[in-house]
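Below you'll find the structure, written out as structure tokens, and then a few comments.
The values are calculated or read from the model by the stated rules, or taken from the named source; none is laboratory data. If you're wondering where the values come from, they're calculated on a predicted model, not measured in any experiment. Note that we place each Cβ from the backbone using ideal geometry, even for glycine, and neighbour counts take in every protein chain shown. Calculation scope for accessible area: heavy atoms of the full protein, side chains included, ligands and nucleic acids excluded. Shrake-Rupley method; radii C 1.70, N 1.55, O 1.52, S 1.80 Å.
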Amino acid sequence: MAALPASIVPLIYVLKETKNVPVASTKEQCAEIYQTVCSRAVWQPMGFVYLYNVLQVGNAAWKQFLKTVLGFTSNQLNALLIAAYVLLWLGIMAYKKFFINWSWRSVYITTTLLNGIFSALQILLIKGITFGLSPFIFALGDDAFADFIGGIQFLPTTIMMVHLCPSGSEGASYAMFTTMSNSAYTLASAFSTLLLGVWDVSKEVMERGE
């Protein structure tokens with residue numbers, strides 16, 4: 001399998017490369033990034049993105065519920081994951097095609113409301129209310145489509161980060177912004193794991209139907 005990535009190595013020589021580009025010193029770049037972070041036009045939207053992502057606390061026991069209670073097979077769980085990735089890409093394309101002219105606020109308000117609706121569908125699945133659909137198809141709708149919504153949110157957030165980057169320190173600034181955003185998801189996942197202690201959601205309890 002390693003031969004497949006190696007097969008495109010010769011294409012490196014046809015890539016355009018600008019040489020002898022003046023580069024600011026590390027001290028100058030750090031000072032520019034610091035001034036950027038101190039600007040309200042930067043920390044206010046990034047603070048919103050961080051808090052919004054931190055509050056995306058999911059159900060850490062959901063996959064266990066699908067497998068133990070609903071009897072999903074490993075193939076079905078993998079199919080949900082594949083569908084989620086495909087819908088994530090479709091969400092990005094949908095924003096580019098249909099929502100590119102929407103304001104940042106409109107995108108977040110609309111997608112947050114839709115995300116709340118799809119999250120509520122999980123309660124119906126737990127209660128066994130699937131409107132005649134199989135649990136797998138119903139789970140595909142409420143679980144995978146959440147990634148479609150995430151895809152719609154992804155592109156405007158990325159565009160916003162790019163616009164916040166100061167000239168000359170784009171790479172370091174963008175890396176800092178994305179790290180901040182991604183760390184919020186990690187913290188949200190940790191919160192989700194901590195909340196498992198509120199109710200007993202162990203495999204044995206699920207098997208007993210409690």
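Summary table
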item	result
Flag if L114 is under 17 Å from W62 (Cα atoms) and in a helix (DSSP H, G or I)	no
Where Q122 falls short, out of the listed (1) under 25 Å from L51 (Cβ atoms); (2) modelled with pLDDT of 80 or more	(2)
Lone unmet requirement of (1) open to solvent by less than 90 Å² (accessible area, probe 1.4 Å); (2) of a type in the set (F, W, Y); (3) over 13 Å from A146 (Cβ atoms) for W62	(3)
Unique residue being open to solvent by less than 50 Å² (accessible area, probe 1.4 Å) and either touching a strand residue (DSSP E or B) at 6+ places or on another chain (Cβ under 7 Å) or under 30 Å from L133 (Cβ atoms) (or both) when the list is N115, N53	N115
Leading residue by the ranking (farthest from P166 (Cα to Cα)) among those in the stretch 24-43 that are among the polar types (S, T, N, Q) and surrounded by 10 or more Cβ atoms within 10 Å (Cβ to Cβ)	S39
Output for the stretch 153-181, where each listed residue is under 22 Å from W89 (Cα atoms) and touching a Cys at 6+ places or on another chain (Cβ under 7 Å)	Y174
Pairs with Cβ under 6 Å, 6+ apart, first in the stretch 56-67 and over 21 Å from Q153 (Cβ atoms), second outside any loop (DSSP other than H, G, I, E, B) and open to solvent by less than 50 Å² (accessible area, probe 1.4 Å)	A60/S192
Residue among G141, G150 that is in a helix (DSSP H, G or I) and at pLDDT below 80	G141
The stretch 1-23, subset in a helix (DSSP H, G or I) and among the small types (G, A, S), residue least open to solvent (accessible area, probe 1.4 Å)	A6
Given (1) open to solvent by less than 80 Å² (accessible area, probe 1.4 Å); (2) without any contact (Cβ under 8 Å) to a residue 40 or more places away in the chain, number of the condition L164 does not satisfy	(2)
Qualifying residue in the stretch 118-134 (condition: touching a residue at least 12 places away in the same chain (Cβ under 8 Å), more than 18 Å from the chain's Cα centre (by Cα) and open to solvent by 60 Å² or more (accessible area, probe 1.4 Å))	yes
Test: Y85 is among the aromatic types (F, W, Y), open to solvent by less than 50 Å² (accessible area, probe 1.4 Å) and part of a helix (DSSP H, G or I)	no
Filter result for I137 (open to solvent by 50 Å² or more (accessible area, probe 1.4 Å), out of contact with any strand residue (DSSP E or B) (no Cβ under 7 Å at 6 or more places or on another chain), on the phi < 0 side of the Ramachandran plot and of a type in the set (A, V, I, L, M))	yes
